[in-house]
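Working notes, beginning with the structure itself.
Values in this text are rule-based calculations from the coordinates and carry no lab data. Keep in mind that what you see is a predicted model, and the values were worked out from it rather than measured. Note: ideal-geometry Cβ built from the backbone for every residue, glycine included; neighbour counts use all protein chains shown.
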Amino acid sequence: MSRWLGIMLLASIVAAGCGSDNKVTNDTPAAEAGPGAFQADFRTSDTFFTMMSEMTPGDSPHGRVQIWYSSNVSDLLSESTFLVPVGTVAIKPFDMDEDGTEDGLAVMIKREPGYDADNNDWRYEMRDVSGNLMEEPVPGRNAMCISCHAAAADKDYLLGTEMR
């Protein structure tokens, strides 16, 4: 299966599996600067960390994942409930078909209060393995992503904080 076909299949699976109406709002430029900007070197940067030693199977439609968080939340993730500060980033490299090859990156960026107050102000993005922003699914307030992540509202929509 081609990598692009696999990523498009992921979008279909997520839409079906999370039961959303798949409404999206693309509301900010792809090359966002400042707090919350995507950093292509996150794996080697001091500003990101992971609690997972390798790609691990999860319950999400993303297949095997390894989740990286911006270091500003390192003390929060062990709490039973928390809210993360504006600018927090979670990056989830994923291997959807579990063939040992990374298929892309799912990215969450915590935005300013009021960005999407009903859904804890998160922006959702899909990126290719090089870190380039993908047009599909449309980045922004993505109902497909929100419908799954809302299950972890007590952990500010960060579903994978228990994964090791």
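Assuming a ≥ b ≥ c are the square roots of the Cα gyration tensor eigenvalues, decide whether the stretch 32-164 counts as rounded (a/c under 1.5), prolate (otherwise, with a/b larger than b/c) or oblate.
Values: a/c = 1.28, a/b = 1.18, b/c = 1.08.
The shape class here is rounded.
Taking R0 as 35 Å, what FRET efficiency do you get between PHE82 and VAL129 from their Cβ-Cβ distance, rounded to the nearest 0.05? Walk me through the numbers before you get to the answer.
Numbers: r = 30 Å, r/R0 = 0.86.
E between PHE82 and VAL129, to the nearest 0.05, is 0.70.
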